[in-house]
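The values are calculated or read from the model by the stated rules, or taken from the named source; none is laboratory data. Since this is a predicted model, take the numbers as computed values, not measurements. Note that we place each Cβ from the backbone using ideal geometry, even for glycine, and neighbour counts take in every protein chain shown.
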């Protein structure tokens, strides 16, 4: 029986994966972005954000910075119409950062935009951490510029 060199197998696997017709997404951090894109509504989507992020959104609602109806619009849009690629990923223990670039998005000016997301592991699962950004918006609200800041955040995502 002939032995196939390991390098030949590695090359064949590389070519096979490169020819795959599966869309390329960011599989980093346990595929949190892929799962988020399949989630429906705020109840399902909030499971992919840290508990601090969810608390910050609820606090923003209680402060009147965001209406109950607009909670979902504060979060970045990931759904079946949104495609992206991973540009950079860094992990440091229970925290990390990922940069994604939108390759297709319902809002045309988002296509090509690269975004950084802080990640945090909670109970063994990677989640997106936007708590600081939301708290910053609330702080700016106290300075009478929160509405403007939240509008910029909404446009960014």
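Restrict the check to region 14-31 and report whether at least one residue is surrounded by 11 or more Cβ atoms within 10 Å (Cβ to Cβ) and modelled with pLDDT of 85 or more.
So the first thing to find is which residues in region 14-31 are surrounded by 11 or more Cβ atoms within 10 Å (Cβ to Cβ), and the list is 23-31.
Subset that is modelled with pLDDT of 85 or more: 29, 31.
Within region 14-31 (the criterion being surrounded by 11 or more Cβ atoms within 10 Å (Cβ to Cβ) and modelled with pLDDT of 85 or more), the answer is yes, since at least one residue qualifies.
Is there a residue in region 68-88 that is closer than 13 Å to residue 29 by Cα, modelled with pLDDT of 90 or more and surrounded by 14 or more Cβ atoms within 10 Å (Cβ to Cβ)? Yes; the residues of region 68-88 include at least one that is closer than 13 Å to residue 29 by Cα, modelled with pLDDT of 90 or more and surrounded by 14 or more Cβ atoms within 10 Å (Cβ to Cβ).
Listed here are the residues, each with its yes/no results for (1) part of a loop (DSSP other than H, G, I, E, B); (2) touching a residue at least 40 places away in the same chain (Cβ under 8 Å); (3) under 14 Å from the mean Cα position of the chain (by Cα).
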position	(1), (2), (3)
30	no, yes, yes
35	no, no, yes
45	no, no, yes
58	no, no, no
61	no, no, no
